[in-house]
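Everything below concerns the one structure shown next.
The values are calculated or read from the model by the stated rules, or taken from the named source; none is laboratory data. Worth saying up front: this structure is predicted, and the values here are computed from it rather than measured. A quick note on method: Cβ atoms are made from the backbone with ideal geometry, for glycine too, and the neighbour counts reach across all protein chains shown. These area figures cover heavy atoms from the full protein model, side chains too; ligands, DNA and RNA do not enter into them. Shrake-Rupley method; radii C 1.70, N 1.55, O 1.52, S 1.80 Å.
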Amino acid sequence: MLKDGKLLIAISGGIDSVVLAHLCQNMNLNFSLAHCNFKLRAEESDKDEAFVMDLAKDLNVEVFIQNFDTTAYATEHKRSIQMAARELRYDWFKELAAQLNFDYILTAHHADDNLETFLINFTRGTGLNGLTGIPTVNDNVVRPLLPFSRIQIETFAKENQITWREDASNASRKYLRNKLRHEVVPILKEINPQLLDSFQNTLSHLNDTQLVVEEQLFDFKKRAIISEDDLGTTYKISEFKAVKNPKAYLFELFKNYGFTAWNDVVELLDAQSGKLVKSNSHRLIKHREFLILTTLNHSDRCEKSLLISEYDDEVKTPFGVLSFNNVDEISETSNLIVYVDKDLLKFPLELRLWKEGDVFQPIGMKGKKKISKYLKDEKASLVEKENTWVLTSDNKVVWVIGKRADERFKVKSKTKKIFKVTI
């Protein structure tokens, strides 16, 4: 896979990534180096950068250097320093790969890193996917050293007289990973000298189990999901209630959306319609016999409106394209098409989200009705209510978009100009 590819090695200057670079050189692979200077260790960070530049000269390969204000990024995005550094480097690596057509990004994670990641996830609490280890291949990110231990890498470096930079922060007990590395893992290896081999076997079994779970979830989703669109995904509650452990299915389906209050999520299955649970990015809403998953962005009502002149043929909207045509007669009809008497319209028309107090006269009815009451009678979900738009003329509703036209503007026998509006 790597032999014929164009490779980008993520290099810190530490022993692992330097060994990886030398191995790629020994195998005559086509690679370049990419180094991040996170500006976290004063002149030591700059010495790392200088070392990597010298290494690139020695190996006769191209090197890319990027400086980051990691502390400022962490503050702005409310991330830990370690998480900020991770996001910055992977975003930059992927950007480089896309711009310069690198086939794969190589990182120097090894077997001990894998064990430490497992233990970190285990101590913080996680599902099965958090216990399956670092993937060898993840999209275009490849980790060729995962089968090898830290000791094997150190032995190779010393035997081949490879020099590298020591990061003093690796000895600090400040970070959880270092605490596990220096205090917990040595005890585990003392208990079981073959710990890494046993761990690899455990990972293999867990990954096999994960495949079984994924197959089961795939079949479940086919039964449970009744619709997916830009507004969200709708699930049948009856399918969750039909399994032995609904909480497990809820967790596996929604764990990647930031939810933490899992008991509250389970209670949604029997809650009143309209109840919801929020994460930082998503909502789960109970609507009649369904759960609706939607992003929080869709709950932020857009107060902007669009004005439509008499001469507009098409207007792009958040829900699609509205087209406007003068026609001679009414032909096909659907909830995506409305025909109105153009002489009754006052331009410009306004397209906006409905608001409290809006009323209209549903076509076929004599009296007026509040749109809020209409949506309630139609049993519209919270998501549908938040994303219902109206087309108005002189502040009068012409069309509740995609739902119901207004009687006052309908085409009659005496109509001279028929105006067709289509989504």
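Some observations on this one:
- Some residue of the stretch 87-106 being within 25 Å of residue 164 (Cβ to Cβ), open to solvent by 10 Å² or more (accessible area, probe 1.4 Å) and of a type in the set (Val, Ile, Thr): no
- Test: residue in the stretch 37-45 that is among the aliphatic types (A, V, I, L, M) and at positive phi: yes
Conditions tested, residue by residue: (1) of a type in the set (A, V, I, L, M); (2) surrounded by 13 or more Cβ atoms within 10 Å (Cβ to Cβ); (3) out of contact with any Lys or Arg (no Cβ under 8 Å at 6 or more places or on another chain).
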| position | (1), (2), (3) |
| --- | --- |
| 195 | yes, yes, no |
| 199 | no, yes, yes |
| 227 | no, no, yes |
| 241 | no, no, yes |
| 250 | yes, yes, yes |
| 257 | no, yes, yes |
| 268 | yes, yes, no |
| 280 | no, no, yes |
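- Only one of 351, 344 that is open to solvent by 30 Å² or more (accessible area, probe 1.4 Å) and aliphatic (A, V, I, L, M): 344
- Filtered by the rule that a residue be aromatic (Phe, Trp, Tyr) and under 23 Å from residue 8 (Cα atoms), the stretch 101-141 gives 102, 104.
- Total residues in the stretch 75-84, condition within 15 Å of residue 37 (Cα to Cα), over 19 Å from the mean Cα position of the chain (by Cα) and not polar (S, T, N, Q): 1
- Restricting the stretch 366-384 to residues that are open to solvent by 70 Å² or more (accessible area, probe 1.4 Å) and outside any strand (DSSP E or B) leaves a set whose member that is farthest from residue 286 (Cα to Cα) is 366.
- Residue check, residue 13 surrounded by 15 or more Cβ atoms within 10 Å (Cβ to Cβ) and on the phi > 0 side of the Ramachandran plot: yes
- So residue 312, is it surrounded by 14 or more Cβ atoms within 10 Å (Cβ to Cβ) and either modelled with pLDDT under 95 or among the small types (Gly, Ala, Ser) (or both): yes
- When residues of the stretch 161-183 are limited to those that are in a loop (DSSP other than H, G, I, E, B) and out of contact with any helix residue (DSSP H, G or I) (no Cβ under 7 Å at 6 or more places or on another chain), the one surrounded by the fewest Cβ atoms within 10 Å (Cβ to Cβ): 161
- The condition (being more than 27 Å from residue 55 (Cβ to Cβ) and surrounded by fewer than 20 Cβ atoms within 10 Å (Cβ to Cβ)) is satisfied by just one residue among 115, 128: 128.
- Residue within the stretch 133-148 that is open to solvent by 30 Å² or more (accessible area, probe 1.4 Å), assigned to a helix (DSSP H, G or I) and touching a residue at least 24 places away in the same chain (Cβ under 8 Å) present: no
- Test: residue 118 is among the aromatic types (Phe, Trp, Tyr), at pLDDT below 95 and closer than 22 Å to residue 184 by Cβ: no
Rundown of residues vs (1) aliphatic (A, V, I, L, M); (2) at pLDDT below 95, yes/no style:
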residue: 159; (1), (2): no, no
residue: 173; (1), (2): no, yes
residue: 178; (1), (2): no, yes
residue: 188; (1), (2): yes, no
residue: 210; (1), (2): no, yes
residue: 217; (1), (2): yes, no
residue: 225; (1), (2): yes, no
residue: 235; (1), (2): no, no
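- Which numbered condition residue 122 misses (of (1) hydrophobic (A, V, I, L, M, F, W, C); (2) surrounded by fewer than 16 Cβ atoms within 10 Å (Cβ to Cβ); (3) within 15 Å of residue 31 (Cα to Cα)): (3)
- Whichever residue in the stretch 315-341 is within 40 Å of the chain's Cα centre (by Cα) and of a type in the set (A, V, I, L, M) and, among such residues, is surrounded by the fewest Cβ atoms within 10 Å (Cβ to Cβ): 321
- In the stretch 385-423, the residue that is modelled with the lowest pLDDT out of those that are among the hydroxyl-bearing types (Ser, Thr, Tyr) and open to solvent by 20 Å² or more (accessible area, probe 1.4 Å) is 413.
- Here the stretch 153-205 is the region considered, the condition is being of a type in the set (Asp, Glu) and over 36 Å from the mean Cα position of the chain (by Cα), and the residue that is nearest to residue 58 (Cα to Cα) is 159.
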